[in-house]
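The values are calculated or read from the model by the stated rules, or taken from the named source; none is laboratory data. Remember, it's a predicted structure, so these values are computed and weren't measured experimentally. Neighbour counts are summed over all protein chains in view; Cβ atoms, including those assigned to glycine, are modelled from backbone coordinates with ideal geometry.
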Amino acid sequence: MTGALIGYARCSTDDQDLTAQRDRLRELGVPADRVYLDHGLTGTKRNRPGLDQALAAVRTGDTLVVPKLDRLARSVPDARAIGDDLAARGIRLSLGGQVYDPTDPMGKMFFNILATFAEFEVDLLRMRTREGMAVARAKGRLRGRQPKLSTKQRAELRRMHATGDYSITDLAELFSVSRPTVYRTLQGKQTEQPLRSPVS
């Protein structure tokens, strides 16, 4: 590869570690000071500070290197938009060491397949979650506007929030609770004291 190598890595939650992705980028030849990161941000959101910085740092002839496509984007439209924009600017995109060539039909098909799987994983998680909540409601486990969540439900709510794929509003809707109840659950509080947390 000619030109500079610019790296990008992302994880969805603050609890996750970026070490493995950093190590992979180093193995691929990306200097540590040319790696841009997004920590605790979901790939379903297009606007990410680290990604914006990485895209601004690459120039014609450079290569943007990411460990895997799902670190770059979690939807087909976003993946295509980023790939097309880089190609138009004369910038290569390396996915785990494999350079994506938008002019190669096979390469383009492979890229689209990867993007489809990345989006599918997110959609599948959301579908399973909604199905689980529907079953719980049918069994009377979720009743009213502010039901008392069981230990398992509180744990599931915290787990879902940790993925970074669900906003406070999404969780409130899925569990049929109010936003303050979601905040209290995330903070581990069982009292009904109103919170002063900012709206997400």
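Within the range 5-20, is there a residue that is surrounded by fewer than 19 Cβ atoms within 10 Å (Cβ to Cβ) and on the phi > 0 side of the Ramachandran plot? There is no residue in the range 5-20 that is surrounded by fewer than 19 Cβ atoms within 10 Å (Cβ to Cβ) and on the phi > 0 side of the Ramachandran plot.
Among the residues of the range 14-31, just one is modelled with pLDDT of 95 or more and more than 14 Å from Pro67 (Cβ to Cβ), namely Pro31. Residues being in a helix (DSSP H, G or I) and over 21 Å from Gln98 (Cα atoms) are represented in the range 24-47 by at least one member.
Selection within the range 49-80: residues that are at pLDDT 90 or above and small (Gly, Ala, Ser). The member of this set that is nearest to Leu25 (Cα to Cα) is Ala54.
Screening the candidates Gly7, Gly83, Gly96 for the property of being over 27 Å from Leu186 (Cα atoms) and at pLDDT 95 or above yields one hit, Gly7.
A quick yes/no check of all residues on (1) under 15 Å from Arg74 (Cα atoms); (2) assigned by TED's automatic domain parsing to the domain that holds Arg71; (3) more than 18 Å from the chain's Cα centre (by Cα):
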site	(1), (2), (3)
Gln16	no, yes, no
Arg24	no, yes, yes
Pro31	no, yes, yes
Tyr36	no, yes, no
Arg48	yes, yes, no
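Of the residues screened, Ala73 is not one that is surrounded by 21 or more Cβ atoms within 10 Å (Cβ to Cβ) and either over 20 Å from Glu119 (Cβ atoms) or more than 17 Å from the chain's Cα centre (by Cα) (or both).
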